[in-house]
Every structure is written in structure tokens, then in C-alpha cells.
Amino acid sequence: IIFTPQSNITYAYMDPQLLRYIFNNLLSNGIKYSPLGGTVEFELTVEANWAIFKIRDSGIGIPKQEISQLFEPFQRASNVGNIPGTGLGLSIVNKSVEQHRGQILVDSQVGVGTLFTVRLPLSSHWD
């Protein structure tokens with residue numbers, strides 16, 4: 001895992017348990033679906049009042065036609081083969097991002113890898 005912070009955020013009001021789940025799931029998926037010796041990159045930047053987290057892997061990728069269903073419960077990409085999983089992780093990640101009034105975006109190419117971009121608003125208080 002390569003972590004590249006490009007910001008000096010000193011504080012942000014976010015739910016630590018939800019944040020931990022988001023990153024645990026996205027990072028572990030990146031590792032799980034990447035080949036031995038593959039890479040998982042985790043980048044943090046800030047734009048305006050948004051914290052931008054990017055998790056990029058060199059894994060199997062997700063077929064384009066399946067991305068729209070990716071955050072539905074029990075959905076898994078058709079190319080996962082015998083890699084274990086329930087199809088619940090990304091659904092919970094999506095709900096956790098929504099709880100923060102954030103956004104999650106996916107860009108993927110089969111055989112190349114996947115990029116998840118999580119945008120969470122920065123604020124000085126928890127609503």
C-alpha cells in the first residue's frame with residue numbers, strides 16, 4: 001500500500017467508525033483483487049471544502065456494464081471467480097459515504113485496475 005498525503009488537514013468532523021469502515025473495505029478490496037506483487041495506492045487531497053480520498057489498485061478491474069449495480073447489496077462483479085466475498089461491503093461503504101453527505105465514484109478497466117474516489121465535505125461541526 002502506497003499512502004500519499006497531499007494535504008495538511010488538521011481536523012475534520014467525521015464519524016471515525018464509518019471512516020474506518022470505508023477505508024478498511026476499499027483498501028482490503030484493493031489488496032484482495034490485485035495480483036501478488038500488485039499495488040494499492042491511497043491518496044489524500046483537499047479541494048475547497050472537500051477531503052478527496054483516492055484508492056487505486058492494480059487488480060482485476062470491474063466490467064463497465066456492472067459498475068452501476070456495484071453498490072447494491074449482494075452484488076459482485078462477474079469476473080471475481082472464486083475470490084471470497086458477500087457483496088455487502090461496497091453497499092455499506094456507499095451508505096457510510098452518504099451518511100457524511102459525500103460522494104463515491106468508480107473508474108475501472110478490466111485487467112488494469114480500479115479507482116475509487118471518495119469525496120467527503122469538510123466542516124467545522126457535525127450536523
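Just so you know, all these numbers are worked out from the coordinates, no wet-lab data involved. Remember, predicted model here, so these are calculated numbers, not experimental data. Reconstructed Cβ throughout: ideal geometry from the backbone, glycine too, with neighbour counts over all protein chains shown.
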> What is the helix-to-structure angle for 16-32, meaning the angle in degrees between its Cα long axis and the longest Cα principal axis of the chain, kept from 0 to 90 and rounded to the nearest 10?
Replying inline: 30
> Three principal axis extents, largest first, for the C-alpha atoms of the chain, in Å?
Replying inline: 44, 29, 23
> Angle between the Cα long axis of helix 89-99 and the longest principal axis of the chain, 0 to 90 degrees, nearest 10?
Replying inline: 20
> Can you give me the Cα centroid spacing of the range 74-116 and the range 19-35 in angstrom?
Replying inline: 9
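Can you compute the charge dipole magnitude of the range 1-108 about its Cα centre, using +1 on each Lys and Arg Cβ and -1 on each Asp and Glu Cβ, nothing else charged? Give it in debye, rounded to the nearest 20. Walk me through the intermediate numbers first.
Working: 8 positive and 9 negative charges, 34 e Å.
The calculation lands at about 160 debye.
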>> If the reach is capped at under 14 angstrom between alpha carbons, list the aspartates and glutamates near Lys95, excluding any in the same chain fewer than eight residues apart.
In response: Asp15, Glu72
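How high is the FRET efficiency from Gln65 to Tyr13, r the C-beta distance, R0 30 Å, rounded to 0.05? Don't skip to the answer; put the middle values down first.
Numbers: r = 38 Å, r/R0 = 1.25.
Given R0 = 30 Å and the Cβ-Cβ separation, E is 0.20.
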